[in-house]
Each structure stands twice: as C-alpha cells, then as structure tokens.
1. Say whether the condition of being part of a strand (DSSP E or B), more than 21 Å from residue 215 (Cβ to Cβ) and either touching a His at 6+ places or on another chain (Cβ under 9 Å) or open to solvent by less than 30 Å² (accessible area, probe 1.4 Å) (or both) is met by at least one residue in segment 32-47.
2. Does residue 164 satisfy being of a type in the set (Phe, Trp, Tyr) and either on the phi > 0 side of the Ramachandran plot or in contact with a strand residue (DSSP E or B) (Cβ under 6 Å, 6 or more places away or on another chain) (or both)?
3. Run down 72, 83 and say which single residue is in contact with a His (Cβ under 9 Å, 6 or more places away or on another chain) and not β-branched (Val, Ile, Thr).
4. Is it fair to say residue 102 is modelled with pLDDT of 95 or more, among the basic types (Lys, Arg) and either outside any loop (DSSP other than H, G, I, E, B) or open to solvent by less than 20 Å² (accessible area, probe 1.4 Å) (or both)?
5. Do we find a residue being touching a strand residue (DSSP E or B) at 6+ places or on another chain (Cβ under 7 Å), within 30 Å of residue 162 (Cβ to Cβ) and at pLDDT 95 or above anywhere in segment 69-92?
6. Scan the helices (runs of 4 or more DSSP H) fully inside segment 125-213 and keep the ones with 1 or more residues being in contact with a helix residue (DSSP H, G or I) (Cβ under 6 Å, 6 or more places away or on another chain), open to solvent by 10 Å² or more (accessible area, probe 1.4 Å) and free of Cβ contacts under 8 Å to residues at least 40 places away in the same chain.
7. State whether one or more residues within segment 59-72 are more than 17 Å from the chain's Cα centre (by Cα), crowded, with 16+ Cβ neighbours inside 10 Å and more than 22 Å from residue 241 (Cα to Cα).
8. Exactly one condition in (1) modelled with pLDDT under 80; (2) open to solvent by less than 20 Å² (accessible area, probe 1.4 Å) is false for residue 268; which is it?
Amino acid sequence: MTVWRPFNIPESGYSDLISQAIERASERLPTLLRPVNRGLQVVFSDYSGQHQGATHEAYSFLVATQDQIVEWLPLRQRFRDQWLPDRRRISFKQLREPMRRRAFPHFLNLVGQLPANLITIMISQHVGSFVVGGPAALARELNDCFVPGTPNHTVEKIYRLALFVATLNAGLREEAQRSLWISDHDETLDTFEKRECFGRLATYLTFGLTGWRNAADHGFVTTAASGLPEWVEDVAAIPDIAAGASARLCDLLPVFMGRPTWTVPISQFDKVDWRARLFGDWLSARESELRHVLVRLERDSLGMVRASAQQFVRRASDG
C-alpha cells in the first residue's frame, strides 16, 4: 500500500491529474513518499516563476509532522552554530552572498536528514488558467473567498495555491488529523481578510476532494507572523530553494515519454545555474531521509494538459 491516497475524481481537473501522476510514480517506487499522517501535520510552501518571461511556475511544499521536525532540530542547531551563527537567513535568491554560498551544501546535507516529503508542482505557462471561465468569473461566483477588487492574476494564484493545499490534504492527511500550513508572505496572504478568504476556499476544495464533514483544524499562518520560532525560517527555506531550483531546471528535465514510468539520465547540469545544479545533485543522493517528487503539468503535442511525476535518482554508474 502506497503512502499517497488517490482520490480519482476526474471532475476535479488538474488536481486529479496531479493525484494520478503521483499514484503512478508511487506504484513504481513504493518509498516515493514518507507517511505524515500521525500527529500534527505541518506544511511549508514557497513559489517561483511568477516573474515576467518565466516559462514555468514552480510551487513547492515541504510536508512533515511536528514530531519529525522536533527530532531534527538538534541537527539544525549544530548547523547554525557552525555555518551561520549570526542568524542570517538562507534563501535561493541570497545564495550568491559568500557566507551563504559556503553554507549551502552543508544546509542541503542538513535538510537531507529531515524525514519529510518535498513535493514540487511545476506548471508550464502554456497550460493557461486553471479556472474554467477565467479568474474574474470565479471571484464573482465565490465572492466569499476573494477580497473585492483582487486582480485576476492574484485570483489565479490564490486558486492554484488553495487547490494544491487541498490536493495534499486529500493525498497525505487523515480527516481527524490536525494540520498547519506555513506559507511565504506575499500579496495573496498579506492581510487578515485575505487569509480568512483563502482558508474558506481551501476548505471548500478539500471537501470537494475528500467529502470530509468533521475534518480536524487546518490552520495557517505566513512566515511574517509574530512569535514563530527561529527554526521556521530554516524549514521554510527548503521549499523556497526547491521552487527556485526547479524553475531553473525545467528545460533539462523530461516531460512525457509515452509510457507510465521511465528513467532518463540528466547530464547537462553543468549548463545551468550552480545553485540549481547543486540542488539536483544533492536531491539524487540515495542516503537522504527526505523523500521527494516533482510533478509537471504541460500540454502534449495535441494541446491536452497532462501530468507526469518524476524523481531525481543517481545512476549506478555515478557511484
């Protein structure tokens, strides 16, 4: 039995495509994901590729339990004491700064000791809107889920985020399991009213995928919330780095291979941003406690949107 719990609801659209892709990959690789359905589930998220000229958007989620994170914290403190004792933050954009650059491979080694799941969803710009009828129509229909005057591009992003959170809830969480989502602080969630509206939308979508009527609390805050412990920034850096690196690797990674599962060696990492190359090499390490899967949404040669799920692995010849 695989960790991912498929829900097989074709009318859920892209959510169902994502679920099917992860299900197929899990059948081939039973250890693709780690169970996170006991105790408080904690989800961290970040995004990349929203800038003009980007060919793909990447939404990355780190899913763990509170107990898994607590057990990892002493390792995190040792890393901090040795490599970043001045509390400076790790992020993909800041890795060119010399001290952060030196610390980066050691930070990845630290992350590899966290027993959690890293799920990244990469979306081609050719996919277009997720919303049938467009964002403006959605905002009118679900006016309790969007602040009046929300721009169309923000409505689209809010809907995508809520759909992905609902998809992860349906695939990895139990109905009676409490969960907490900690998001990057951006224009989608920068006011109390926006967060209340978002929570309502995510609840609607989760119910549509699961039918849960007595779901445990699913709270959420942003990384800008006051009173959060220091380690939150380090855990939040994991999806930040994953999203940034994945967006830069999109042209090298396979899309569709004409069969349910496949293996493709990647040999062109020397042609990309060093941060993304180091991330890809590290993610391929067999000894990592962190499990990962990358899902791509792309249009095929007939113009149909399809999903594929892939995992970085090191070939036997690589040692």
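1. Taking segment 32-47 as the starting set, the residues that turn out to be part of a strand (DSSP E or B) are 41-47.
With more than 21 Å from residue 215 (Cβ to Cβ) added as a condition, the list becomes 46-47.
Narrowing further to those that are either touching a His at 6+ places or on another chain (Cβ under 9 Å) or open to solvent by less than 30 Å² (accessible area, probe 1.4 Å) (or both): 46-47.
Yes, that holds for at least one residue.
2. Values: of a type in the set (Phe, Trp, Tyr): yes; either on the phi > 0 side of the Ramachandran plot or in contact with a strand residue (DSSP E or B) (Cβ under 6 Å, 6 or more places away or on another chain) (or both): yes.
Against the criterion (of a type in the set (Phe, Trp, Tyr) and either on the phi > 0 side of the Ramachandran plot or in contact with a strand residue (DSSP E or B) (Cβ under 6 Å, 6 or more places away or on another chain) (or both)), residue 164 qualifies.
3. Numbers: 72 fails: in contact with a His (Cβ under 9 Å, 6 or more places away or on another chain).
The match here is 83.
4. Numbers: modelled with pLDDT of 95 or more: yes; among the basic types (Lys, Arg): yes; either outside any loop (DSSP other than H, G, I, E, B) or open to solvent by less than 20 Å² (accessible area, probe 1.4 Å) (or both): yes.
Yes; evaluated as a whole, the condition is true for this residue.
5. yes
6. 135-141, 152-172
7. no
8. (2)
The values are calculated or read from the model by the stated rules, or taken from the named source; none is laboratory data. Please read all numbers here as calculations on a predicted model, not as lab measurements. FYI the Cβ positions are ideal-geometry reconstructions off the backbone, even for glycines, and counts take in every protein chain you see. The accessibility values were calculated without ligands, DNA or RNA, using every heavy atom of the protein model including side chains. Shrake-Rupley method; radii C 1.70, N 1.55, O 1.52, S 1.80 Å.
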